[in-house]
């Protein structure tokens, strides 16, 4: 029996089996990519909200140094070289890094060309924090927007923008007083 040779039997994938496995992997990847993209965009939206919170802290420090009076700023500027008071050249000394002025989802390069991805709510310019109101209608600081994304950078958010409110909270949900006691 020791001299007997058994024929070796090789097991291998056939071409059809290999193509089926590749097709299954391609289908799984196609299903997983949108979920992956959504997770990445959610991370960018969260980082943007964090930036707005940091800008809110910077605004609080600014207010402490300026008798609790809101700055008088332009909504935005056309180019970073324009010498007008805006968010990034007014709050810059109160933030740890210039990156705070750039939303991670700003693919149009607003931060690079204009200095920031965020716009200022000019209706609160020069108002005392204690008497702050929005269009003469809203006095609840949790409903008064201070700054927000310049555009709808966040496709998976309902309103597509993040907003910093006068009470210091930043969120993805627009909360404006409508007069009927409801908010959005």
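Throughout, read-outs are computed from the coordinates displayed, never taken from laboratory work. Note that the structure is a prediction, hence the values are computed from the model and not measured. A quick note on method: Cβ atoms are made from the backbone with ideal geometry, for glycine too, and the neighbour counts reach across all protein chains shown.
If you go through the stretch 36-61, how many residues are out of contact with any helix residue (DSSP H, G or I) (no Cβ under 8 Å at 6 or more places or on another chain) and under 20 Å from residue 153 (Cβ atoms)? Outline the logic, then answer.
Taking the stretch 36-61 as the starting set, the residues that turn out to be out of contact with any helix residue (DSSP H, G or I) (no Cβ under 8 Å at 6 or more places or on another chain) are 36-50, 52-53, 56, 60.
Filter again for under 20 Å from residue 153 (Cβ atoms), leaving 36-50, 52-53, 56.
Residues flagged as out of contact with any helix residue (DSSP H, G or I) (no Cβ under 8 Å at 6 or more places or on another chain) and under 20 Å from residue 153 (Cβ atoms) within the stretch 36-61 amount to 18.
So for the stretch 40-55 (the condition being without any contact (Cβ under 8 Å) to a residue 40 or more places away in the chain and crowded, with 17+ Cβ neighbours inside 10 Å), does at least one residue qualify?
No, every residue in the stretch 40-55 fails to be without any contact (Cβ under 8 Å) to a residue 40 or more places away in the chain and crowded, with 17+ Cβ neighbours inside 10 Å.
Report yes if residue 86 is in contact (Cβ under 8 Å) with a residue 40 or more places away in the chain, touching a strand residue (DSSP E or B) at 6+ places or on another chain (Cβ under 8 Å) and more than 27 Å from residue 39 (Cα to Cα), otherwise no.
Taking the combined requirement at face value, the residue does not satisfy it.
Residues of the stretch 85-107 being exposed (fewer than 12 other Cβ atoms within 10 Å of the Cβ) and more than 12 Å from residue 62 (Cα to Cα), which ones?
In the first step, residues of the stretch 85-107 are kept if they are exposed (fewer than 12 other Cβ atoms within 10 Å of the Cβ); the result is 93, 96-97, 107.
Passing the criteria: 96, 97, 107.
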